[in-house]
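These notes are about the structure you will find just below.
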Amino acid sequence: MRLSTRGHYGLKAMFDLAQHYGVAPVSLKSVAQRQNLSEHYLEQLMAMLRKAGLVRSVRGAQGGYILARDPEKIMVGEVIRILEGPIAPVECVNEVDPKECDQADCCISRTVWARVRDSIAQVLDSISLADMCRDAARVREPGGQNEQQ
């Protein structure tokens, strides 16, 4: 299972907004520069996230985007599901609308894929944007991961 650029870049953008939470609205241009992403593509992702209620846009000269909720209350899994859809390593174990399979009752690999789906969902649903910000701060600390490598 691979995430598309929607999930990858969208999470990077949400992380950037979380790092600036409570300060001022953040322009997409500044997010694009800091995260090395296409501003045009970010506009499309932010439209999806705004429609889902995760971000708000602020108009005007000092406008931009802000998180609609505290970063502690936005989980990575929520962002990924909005941008990518339900978590499913294979369609027969899709979280929302599993595909019918005539071998579902006796398919042992289906059990494996369901466990994989549940494990991925558990990890994604256990990490908040605030957790990501704390992890980033630890990496930047003297003696953090970047200096140890």
message: Counting only pairs 8 or more residues apart or on different chains, how many lysine pairs in the chain have their Cα atoms under 26 Å apart?
response: 6
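With +1 assigned to the C-beta of every Lys and Arg and -1 to the C-beta of every Asp and Glu, and no other charges, what is the dipole magnitude of the chain about the Cα centre in debye, to the nearest 20? All intermediate terms of the calculation are to be shown ahead of the outcome.
Numbers: 19 positive and 19 negative charges, 117 e Å.
With only Lys, Arg, Asp and Glu charged at Cβ, the dipole is about 560 debye.
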message: I need two numbers for the chain: Rg to one decimal and Dmax as a whole number, Cα atoms only, in Å.
response: 17.9, 61
- prompt: Going by alpha carbons, how many degrees (0 to 90, nearest 10) lie between the helix axis of 129-140 and the longest principal axis of the chain?
  reply: 70 degrees
- line: For the residue 61, residue 36 Cβ pair and Förster radius 22 Å, calculated FRET efficiency rounded to 0.05 is 0.30
statement: Cα extents of the stretch 45-89 along the principal axes, largest first, in whole Å, come to 44, 21, 11
query: What is the Cα centroid distance between the stretch 1-69 and the stretch 110-127, reported in whole angstrom?
result: 26 Å
message: How large is the convex hull of the C-alpha atoms of the stretch 7-75 per residue, in Å³?
response: 81 Å³
message: Using the Karplus curve 6.51 cos²θ - 1.76 cosθ + 1.60 with θ = phi - 60°, what ³J(HN,Hα) values do you get for each residue of the stretch 48-63, in whole Hz, with x for Gly and Pro?
response: 5, 5, 5, 4, 7, x, 8, 10, 10, 9, 10, 7, x, 4, 9, x
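A short reminder: the numbers here are calculations on the coordinates, not readings from a lab. Everything numeric here is computed off the predicted structure, so don't read it as measured data. For neighbour counting, all protein chains shown are included, and Cβ atoms are generated from backbone atoms with ideal geometry for every residue, glycine included.
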